[in-house]
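Below are the structure tokens for one structure; questions will follow.
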Amino acid sequence: MTQLEADLLVIGGGATGAGVAWDACLRGYRPILVDRSDLGEGTSGRFHGLLHSGGRYVVKDPRAATECIQENMILRRVAPATIEDTGGLFVSTPFDDASYGDEFLQGCVDTGVPVQEITTAEVLRREPRVNPAIRRAFEVPDGSIDSWKLLNALAQGIIEHGGRVLTYHEVIALRREGDAVTGATVRDTRTGEEIEVQAGFTINASGAWAGRISEMAGVEDVTIVPGRGIMIAMNHRLVNTVVNRCTMPADGDILVPIRTVSVIGTTDVPADHPDDLTIAQDEVDHMLEAGDQLVPGLRNARALRVWAGVRPLFRDARAKVSDRDITRAHTLLDHRDRDGLDRFITITGGKLTTFRLMAEEAVDAMCRHLDDSRPCRTREQVLPGSESGDYYTVRARLHAREADTSGDPLVCECEMIPRSRLEHAMRDQATVNLDDIRRALRLGMGPCQGGFCTYRATGILHEVGHLDGATADQALLGFLQERWKGSWPILHGDQLRQARLDDWIYQGLLDVEHLPDWSAT
């Protein structure tokens, strides 16, 4: 069995786990980051894209609000290339209690969230699709953040500083020697190969799966309450500013512009399992109705895709707290102090916006365990790709395309992805999974949802990756099925017509249901 050694094993390839490995690298440790799937395939890649100002929590969860605004400002310095500086608005619709605005305003002051009340006329000048009957409005520093771009930058930084990133490597057992965790056995989910990772320390950053990893170490009472929420992407930017309803957090109360679409979010339903990504039709209908109160006409606009994500909410089994009252702030479990288990820490909960703080606290705790004081550097160290200090803009890809005179053909017109960039990503990621390429480049995430680019990308993957016919066919079918899962719950109107066109292309023209039997050739 292959054996690897590391100073630190980090379990979980979401923003928190990648942040932990990045922080450890900057302190001079050699980490190995493992995830059972691709980076950001879990919670970090399944949210509405909001860079929190903290405004959503200033009344109900002041600690979470304070952490969000502090980390918002830090990320704007160290990872600006992953952020669009949209700004944010909280508005009181006719369906909201306008007096809540006074609590909101005081909450912002108490938690340090910059806020300014502005006129409703100014809101409607900026965002004419917002409900014209709004009664109050407040401006806050919300933004949108590209989580996959963030994760790719973190992974690049980890590798450049001597760490390793092992995607598609699932932890199947934790190694223990006496009262200490000394690493793990991981299995490559693509080949079945098992690898022993010997590590001086292990940090469990597996989010909604943190309880299951802790059980492998013999810790039975790490209770993660999976909070499932759905989000719906509309086919264009209905707003250019993050728009929230000024009320206690509820379903369908926020619209986030991210890249070329806008996302309405989100529900909050307890799930029985962290892999439960069920999408109920009544939840979809409810979301569209709630969004219509914020932006009239939203329910009749073209919905591109719906997806679900699971929040990792930690409920202390030793305290009596209802699921609804569980904090959205994060929790650090030091298993030496809590359970008598050395060299093992769990970090869970929180928001993507606070991933850097969570990583800092986790690595600080590891340093205390090791009696090895090394200061955190992630507050100042800029991530790869953000050296210019510029935010990304929705127009950036179009401007790059207009300036390109090389004749490099576009493969995905919706997301402006040229062939050369697609080939580079395929070689860099060394993957046969088009969904991995989607996360890297946003392939197939525009209005056609892969209808016109999937077969092109498959042909290029076949050539670049030197795939045989059967593997290329599976890549095509897998990607189409993934796109379909997010489309069928919102099939009506223009999106239904688009789906029929895609069906004609792939069923009528390419006949994907009757591809060659390569085993017979």
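Give region 475-495 a look and list any residue that's in a helix (DSSP H, G or I), at pLDDT below 85 and either under 19 Å from ASP285 (Cα atoms) or among the hydroxyl-bearing types (Ser, Thr, Tyr) (or both), or say none.
TRP484, LYS485, GLY486, SER487, TRP488, PRO489, GLY493, ASP494, GLN495
For residues in region 247-260 being of a type in the set (A, V, I, L, M, F, W, C) and touching a residue at least 60 places away in the same chain (Cβ under 8 Å), which is nearest to LYS149 (Cα to Cα)? Even if it seems obvious, please write down each step before you answer.
As a first pass, look at region 247-260 and keep what is of a type in the set (A, V, I, L, M, F, W, C): 248, 250, 254-256, 258.
Next, from what is left, pick out any that are touching a residue at least 60 places away in the same chain (Cβ under 8 Å): 248, 254, 256, 258.
Values: MET248: 31, ILE254: 22, VAL256: 17, ILE258: 12 Å.
Among those that are of a type in the set (A, V, I, L, M, F, W, C) and touching a residue at least 60 places away in the same chain (Cβ under 8 Å), it is ILE258.
Right, another one. Can you tell me which of HIS169, HIS161 is open to solvent by less than 30 Å² (accessible area, probe 1.4 Å), farther than 30 Å from CYS108 by Cα and modelled with pLDDT of 95 or more?
Values: HIS161 fails: open to solvent by less than 30 Å² (accessible area, probe 1.4 Å).
None of the others qualify; the one that does is HIS169.
Restricting to region 468-497, count the residues that are of a type in the set (Asp, Glu) and loosely packed, with under 14 Cβ neighbours inside 10 Å.
Filtering region 468-497 down to residues of a type in the set (Asp, Glu) leaves 468, 473, 482, 494.
Add one more test, that the residue is loosely packed, with under 14 Cβ neighbours inside 10 Å, and what stays is 468.
Number satisfying all stated conditions: 1.
Every residue, every condition in (1) modelled with pLDDT under 95; (2) in a helix (DSSP H, G or I); (3) open to solvent by 20 Å² or more (accessible area, probe 1.4 Å), yes or no:
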{"residue": "GLU361", "(1), (2), (3)": "no, yes, yes"}
{"residue": "ASP364", "(1), (2), (3)": "no, yes, yes"}
{"residue": "CYS376", "(1), (2), (3)": "no, no, yes"}
{"residue": "LEU383", "(1), (2), (3)": "no, no, no"}
{"residue": "ASP390", "(1), (2), (3)": "no, no, yes"}
{"residue": "GLY407", "(1), (2), (3)": "yes, no, yes"}
{"residue": "CYS414", "(1), (2), (3)": "yes, no, yes"}
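Right, another one. Can you find even one residue in region 439-454 that is among the basic types (Lys, Arg) and in a helix (DSSP H, G or I)?
First pass over region 439-454, keeping only residues among the basic types (Lys, Arg): 439, 442.
Restricting the remaining residues to those that are in a helix (DSSP H, G or I) gives 439.
Scanning region 439-454 turns up at least one residue that is among the basic types (Lys, Arg) and in a helix (DSSP H, G or I).
Within region 278-300, count every residue that is open to solvent by 70 Å² or more (accessible area, probe 1.4 Å) and not in a helix (DSSP H, G or I).
Going through region 278-300 one residue at a time, the tally reaches 1.
Being in a strand (DSSP E or B), closer than 20 Å to PHE344 by Cα and open to solvent by 20 Å² or more (accessible area, probe 1.4 Å) is the filter here; which residues of region 175-214 pass it? Lay out the reasoning, then the answer.
Narrowing region 175-214 to residues in a strand (DSSP E or B): 175-177, 180-188, 194-199, 202-204.
Checking which are closer than 20 Å to PHE344 by Cα leaves us with 175-177, 180-186, 195-199, 202-204.
ARG175, ARG176, GLU177, GLU196, GLN198, listed by residue number.
So, one more: Looking only at region 88-114, filter to residues that are open to solvent by 20 Å² or more (accessible area, probe 1.4 Å) and touching a Pro at 6+ places or on another chain (Cβ under 9 Å); which one of those is nearest to PRO132 (Cα to Cα)?
That would be PRO114.
Identify, from the list ASP23, ASP35, the residue that is farther than 18 Å from GLU380 by Cα and not hydroxyl-bearing (Ser, Thr, Tyr).
After applying the criteria, what remains is ASP35.
Continuing with this model, one more query. Which of the following residues is modelled with pLDDT of 95 or more and basic (Lys, Arg): ARG338, ARG395, ARG421, ARG343? Lay out the reasoning, then the answer.
Numbers: ARG338 fails: modelled with pLDDT of 95 or more; ARG395 fails: modelled with pLDDT of 95 or more; ARG421 fails: modelled with pLDDT of 95 or more.
Of ARG338, ARG395, ARG421, ARG343, the one residue that is modelled with pLDDT of 95 or more and basic (Lys, Arg) is ARG343.
Here is a further query. Restricting attention to region 234-274, which residues are within 21 Å of ALA65 (Cα to Cα), among the charged types (D, E, K, R) and assigned to a loop (DSSP other than H, G, I, E, B)?
ASP251, ASP253, ASP268 - these are the residues of region 234-274 that are within 21 Å of ALA65 (Cα to Cα), among the charged types (D, E, K, R) and assigned to a loop (DSSP other than H, G, I, E, B).
Where in region 117-174 are the strands (runs of 3 or more DSSP E), entirely inside, with at least 1 residues that are over 24 Å from GLY45 (Cα atoms)?
Values: elements: 136-140, 143-145, 164-166.
Per the criteria, 136-140.
On the given criteria, is PRO128 in contact (Cβ under 8 Å) with a residue 24 or more places away in the chain and surrounded by fewer than 22 Cβ atoms within 10 Å (Cβ to Cβ)?
Values: in contact (Cβ under 8 Å) with a residue 24 or more places away in the chain: no; surrounded by fewer than 22 Cβ atoms within 10 Å (Cβ to Cβ): yes.
For PRO128, the condition - in contact (Cβ under 8 Å) with a residue 24 or more places away in the chain and surrounded by fewer than 22 Cβ atoms within 10 Å (Cβ to Cβ) - is not met.
Could you identify the single residue in ASP38, ASP23, ASP85 that is under 30 Å from GLN156 (Cα atoms), among the charged types (D, E, K, R) and open to solvent by less than 10 Å² (accessible area, probe 1.4 Å)?
Numbers: ASP38 fails: open to solvent by less than 10 Å² (accessible area, probe 1.4 Å); ASP85 fails: open to solvent by less than 10 Å² (accessible area, probe 1.4 Å).
One residue alone meets the criteria, ASP23.
The values are calculated or read from the model by the stated rules, or taken from the named source; none is laboratory data. Model, not experiment: these values are computed from the prediction. Note: ideal-geometry Cβ built from the backbone for every residue, glycine included; neighbour counts use all protein chains shown. In case anyone asks, the SASA skips ligands and DNA or RNA and just uses the protein heavy atoms, side chains included. Shrake-Rupley method; radii C 1.70, N 1.55, O 1.52, S 1.80 Å.
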